[in-house]
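Scroll down for the structure; my scribbles are underneath it.
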Amino acid sequence: SKAEMGHTCRGTINLATANITVEDSCNFIISNGGAQTYHLKASSEVERQRWVTALELAKAKAVKMLEESDDSGDESVSQTDKTELQNTLRILSSKVEDLSTCNDLIAKHGTALQRSLSELEALRLPPDSTDKIKQVNERATLFRITSNAMINACRDFMLLAQTHGKKWQKSLQQERDQRIRLEETLEQLAKQHNHLERAFRGATVLPASTPGTGGSGKDLCCPAKGDLSDEDDDNNEFFDAPEIFPMPDVMGHKRTGSNISGTSSDISLDEQYKHQVEDTKKEKRTRIPYKPNYSLNLWSIMKNCIGKELSKIPMPVNFNEPLSMLQRLTEDLEYHELLDRAARCESSLEQLCYVAAFTVSSYSTTVFRTSKPFNPLLGETFELDRLEENGYRSLCEQVSHHPPAAAHHADSKNGWTLRQEIKITSKFRGKYLSIMPLGTIHCVFHSTGNHYTWKKVTTTVHNIIVGKLWIDQSGEIEIVNHKTGDKCILKFVPYSYFSRDVARKVTGEVMDPSGKVHFVLLGTWDEKMDCYKVQLGTGDNGAEARPRAHEAEDSRVLLWKRNPLPKYAENMYYFSELALTLNAPENGTAPTDSRRRPDQRLMENGRWDEANAEKQRLEEKQRLSRKRREAEAARATEDGTPYDPYKPLWFERKKDPVTQELAHVYKGGYWESKEKQDWSLCPDIF
């Protein structure tokens with residue numbers, strides 16, 4: 001009970017995001033992806049199953065409640081809201097007074113009616129009319145009894161409302177006061193933490209170079225992961241999570257002619273774009289302008305975001321990296337050679353091992369990437385044509401704005417097709433941020449017709465307010481081959497302070513339709529994945545064979561290993577080699593392509609103030625377009641005329657025959673339009 005919380009409760013786990021895993025016959029584990037893990041033991045297997053079932057049901061209920069609360073929203077109480085609340089209370093009070101007046105009138109008129117009927121009964125009237133009067137009198141009595149009951153109920157309601165109204169008002173005021181105190185305490189704590197970090201850095205980093213000199217370019221341009229140049233200790237403004245802003249002091253030393261920077265404000269964006277296209281067409285770029293060290297009072301923004309859907313909060317570009325969500329989605333193809341290898345496999349079980357490694361590889365870029373990508377505008381697209389170099393080409397389109405959803409389609413001449421529609425939902429919980437991608441990913445191999453599907457796991461960003469930001473992946477992925485029935489279960493083990501296991505561990509089992517394990521997968525989502533063939537003897541089953549598979553080192557096959565990050569990646573948002581090329585300007589792309597997005601381009605070039613102003617302009621333009629569509633829909637409804645709702649340009653919504661889900665599938669036409677350079681159908685979004 002709430003009364004026991006203070007002295008009995010040893011911590012809480014939000015069931016909506018909890019992971020419940022069974023360890024053995026009596027033990028099970030509940031964890032929330034890192035901060036808290038409970039190991040629980042039941043007296044018997046039956047008892048354990050009862051608990052697990054009850055918790056799973058409660059989790060389903062919690063998830064449902066969370067979705068409902070998401071829809072309702074939880075905006076902070078502004079001055080306008082307070083005025084509205086006071087007006088509502090005033091109207092309610094006047095209505096209660098009206099009710100009280102009606103109460104008195106009913107009593108008064110009821111007594112008068114009763115008296116008139118009694119006088120009427122005393123008069124000498126014909127016998128048949130006396131019966132009629134009695135009947136009316138009985139009805140009047142019944143009406144009076146009912147009215148009295150209603151009056152009493154209203155009186156009770158009024159007393160209850162008055163008593164509890166004061167109590168609720170007091171409770172609400174206490175909650176407000178408590179929230180203000182908590183905000184002040186947290187801000188103070190964050191300031192102290194930041195001050196200590198700077199003091200520590202000053203003690204350890206500064207002696208390396210003489211004060212007043214720039215120091216050697218090598219020392220300062222290659223700081224330790226997440227280091228920040230020393231700041232003035234007298235500055236009392238709170239800059240949260242300094243690791244978001246890694247940047248060398250001597251930024252100017254590194255901005256050489258080869259760096260595709262557009263910092264000169266007297267050159268127009270169009271001219272820069274043309275100039276950059278000429279450079280990047282020759283060879284793929286290997287660097288971008290270094291990230292500037294701009295200060296921002298993050299707490300002033302973040303304290304109003306707790307519990308909200310992040311896509312609905314206008315954020316300055318200071319939180320971003322200069323790539324859109326469509327480009328981040330395309331980064332899934334960084335290790336496309338795993339799918340090329342899978343397409344050449346003769347055994348479907350071996351093929352599944354490579355598909356599993358591919359799903360894990362898509363998380364390898366996230367380990368240091370703590371900044372958020374730009375939310376794409378509705379109708380925004382991103383193409384990546386690597387047909388000559390790598391044999392594939394890819395197209396993404398933002399198909400919905402609320403909820404944000406992007407559709408992706410990639411085709412390879414090496415024998416595979418990948419498609420997905422991902423809706424990103426995120427929740428900021430004060431201490432951590434949960435990012436939950438919803439939607440199914442499909443991979444089809446042309447020669448065999450093997451059709452695989454899987455979903456993504458939850459990503460958690462920890463230490464949002466205080467401390468060093470770090471990212472964790474947790475949950476399970478089930479990869480299913482719908483043609484053969486083969487299956488692979490991948491488990492992303494959440495980080496635990498007390499665990500002796502290697503951090504970011506991923507384990508997996510590849511099994512045939514009967515459930516027999518043929519391969520065991522082991523590795524980490526940020527480094528590599530190994531595969532072990534399970535040696536089955538007579539009478540063996542998968543569970544008995546698993547330990548032997550780990551011992552049989554000769555059966556180990558390295559499926560995937562992460563590519564090293566480029567030199568000075570810590571100054572370039574920790575971008576991988578592929579990520580550095582994604583926003584490079586290219587000729588012939590659609591006018592809706594993310595590379596042409598002006599706020600993103602300005603941000604990449606280090607002009608963040610201009611980028612913020614441009615971002616506001618684009619968002620306002622998108623809002624006006626949405627209002628115009630809504631007005632047209634309302635007008636069409638009134639007139640009874642047909643109205644076409646918004647439809648994506650290159651994708652169409654269809655029911656998937658395999659998963660039975662409604663999803664956006666590529667309908668064709670993009671590459672043909674690019675060949676003709678006919679973009680007449682593209683909307684003007686930038």
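The values are calculated or read from the model by the stated rules, or taken from the named source; none is laboratory data. Note that this is a predicted model, so its numbers are computed, not measured. Note that we place each Cβ from the backbone using ideal geometry, even for glycine, and neighbour counts take in every protein chain shown. For the accessible areas, the whole protein counts, side chains as well, though only heavy atoms, and no ligand, DNA or RNA atoms are used. Shrake-Rupley method; radii C 1.70, N 1.55, O 1.52, S 1.80 Å.
Taken along the Cα-to-beta-carbon direction at a fixed 7 Å, the label points for Glu619 and Thr641 span 3.4 nm.
Checked against a 32 Å cut-off, the cross-linked pairs Lys291/Lys528; Lys284/Lys413; Lys427/Lys533; Lys487/Lys667 give Cα-Cα distances beyond that limit for Lys427/Lys533.
For region 11-54, the set of GluC sites (Glu not before Pro) satisfying both a DSSP loop assignment and a count of at most 16 other C-beta atoms within 10 Å is given as Glu23. Between Pro642, Ala611, Gln600, the Cα set farthest toward the positive side of the dipole of region 599-686 (charges on each charged residue's Cβ, about the Cα centre) is that of Pro642. Computed extension gain for Leu66 through Glu527, at 0.36 nm per residue and net of the alpha carbon distance, reaches 162.6 nm. For region 102-116, 3J(HN,Hα) computed residue by residue from phi via the Karplus equation (6.51, -1.76, 1.60; θ = phi - 60°) reads 4, 4, 4, 5, 4, 4, 5, 5, x, 5, 4, 5, 4, 5, 4 Hz, glycine and proline entered as x. Ranking of Tyr646, Tyr335, Tyr354 by solvent-accessible surface, largest first: Tyr646, Tyr354, Tyr335 (1.4 Å probe, protein heavy atoms only, all chains present). Once the gyration tensor of the Cα atoms in region 18-64 is diagonalised, the equivalent ellipsoid follows with semi-axes of 18, 14, 6 Å, ordered largest first.
On the basis of the beta-carbon distance and an R0 of 56 Å, Tyr294 and Ala153 show a calculated FRET efficiency of 0.35. Of Lys455/Lys654; Lys431/Lys567; Lys59/Lys491; Lys372/Lys423; Lys59/Lys516; Lys468/Lys561, which sit over 21 Å apart, Cα to Cα? Distance filter (> 21 Å) returns Lys431/Lys567; Lys59/Lys516; Lys468/Lys561. Put simply, the convex hull of the Cα atoms in region 320-387 casts, on average, a shadow of 5.8 nm². Estimated from the Cβ-Cβ distance and a Förster radius of 56 angstrom, the FRET efficiency linking Glu197 and Gln677 is about 0.60.
Placing pseudo-labels 7 Å out from each Cα toward the beta carbon at Lys166 and Ala503 gives an inter-label distance of 5.6 nm.
Extending 7 Å from Cα along the Cβ direction at Ser94 and again at Lys627 yields two label points whose distance is 3.0 nm.
Computed from the Cβ-Cβ distance with R0 of 56 Å, the FRET efficiency linking Asn27 to Arg176 stands at 0.80. Ordered by 1.4 Å accessible area with all protein chains kept, Lys291, Lys674, Lys516 run largest first as Lys516, Lys674, Lys291.
Phi angles of region 505-511 translate, via the Karplus equation with coefficients 6.51, -1.76, 1.60 and θ = phi - 60°, into HN-Hα couplings of 6, 10, 10, x, 9, 9, 10 Hz per residue; Gly and Pro are given as x.
The figure for Val317 is an accessible area of roughly 0 square angstrom, using a 1.4 Å probe on the protein chains alone. For region 628-641, 3J(HN,Hα) computed residue by residue from phi via the Karplus equation (6.51, -1.76, 1.60; θ = phi - 60°) reads 5, 5, 5, 5, 5, 5, 5, 5, 5, 5, 5, 7, x, 8 Hz, glycine and proline entered as x.
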